[in-house]
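Peer 1: Sharing a structure, written as structure tokens. Questions coming.
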Amino acid sequence: MDVVLEETCRQLPHGGDHDSRRFIAERLIEAAQSGHSTLGELGIVARRALAELMHKGS
């Protein structure tokens, strides 16, 4: 999960602020608890969370 979080947050200015990183991390935790634990699955979840953050910010 750490790898996916770091890779995803690189797309945010300065690696993302605390709230953005927490939002993505919470989504990753929820996905892992639901049984989605491969890098591919977690990457999809993280990108969706990032897109949601970007949409909220616009």
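The values are calculated or read from the model by the stated rules, or taken from the named source; none is laboratory data. This is a predicted model, so every value here is computed, not measured. Please note that ligands, DNA and RNA were not included when accessible areas were found on the heavy atoms of the full protein model with its side chains. Shrake-Rupley method; radii C 1.70, N 1.55, O 1.52, S 1.80 Å.
Peer 1: What are the ³J(HN,Hα) values, in whole Hz, obtained from phi via the Karplus relation 6.51 cos²θ - 1.76 cosθ + 1.60 with θ = phi - 60°, for each residue of segment 2-9 in sequence order, with x given for Gly and Pro?
Peer 2: Using θ = phi - 60°, the values come out as 4, 4, 5, 4, 5, 4, 5, 6 Hz.
Peer 1: Find, to one decimal place in angstroms, the Kirkwood hydrodynamic radius of the chain, where the mean of 1/r is taken over every pair of different Cα atoms and then inverted.
Peer 2: Working: mean 1/r = 0.0900 Å⁻¹.
Its Kirkwood hydrodynamic radius stands at 11.1 Å.
Peer 1: At a 1.4 Å probe, what is the % contribution of carbon and sulfur to the accessible area of the chain?
Peer 2: Details: 2140 of 4050 Å².
Answer for the chain is 53 percent, counting heavy atoms of protein chains only.
Peer 1: With everything on Cα atoms, drop me the angle between helix 18-33 and the longest principal axis of the chain, reported from 0 to 90° to the nearest 10.
Peer 2: 20 degrees
Peer 1: Output wanted: per-residue J couplings in Hz (rounded whole) for segment 44-57, from phi through Karplus 6.51 cos²θ - 1.76 cosθ + 1.60, θ = phi - 60°, x for Gly and Pro.
Peer 2: Here the 3J(HN,Hα) series is 4, 4, 5, 5, 5, 5, 4, 4, 5, 4, 5, 5, 5, x Hz.
Peer 1: If contacts are Cα pairs under 8 angstrom and at least 6 residues apart, what is the relative contact order of the chain in percent? Please list the in-between numbers first.
Peer 2: Numbers: 37 pairs, mean separation 23.2, N = 58.
About 40 percent, as a whole number.
Peer 1: I would also like to ask the following. Go ahead and estimate [θ] at 222 nm for the chain from helices alone: -39,500 (n - 2.57) per DSSP H run with n ≥ 4, summed, over the residue count, rounded to 500. Each step should come with its number before you reach the end.
Peer 2: Details: 3 runs with 43 residues, N = 58.
Estimated from H runs of four or more residues: -24000 deg cm²/dmol.
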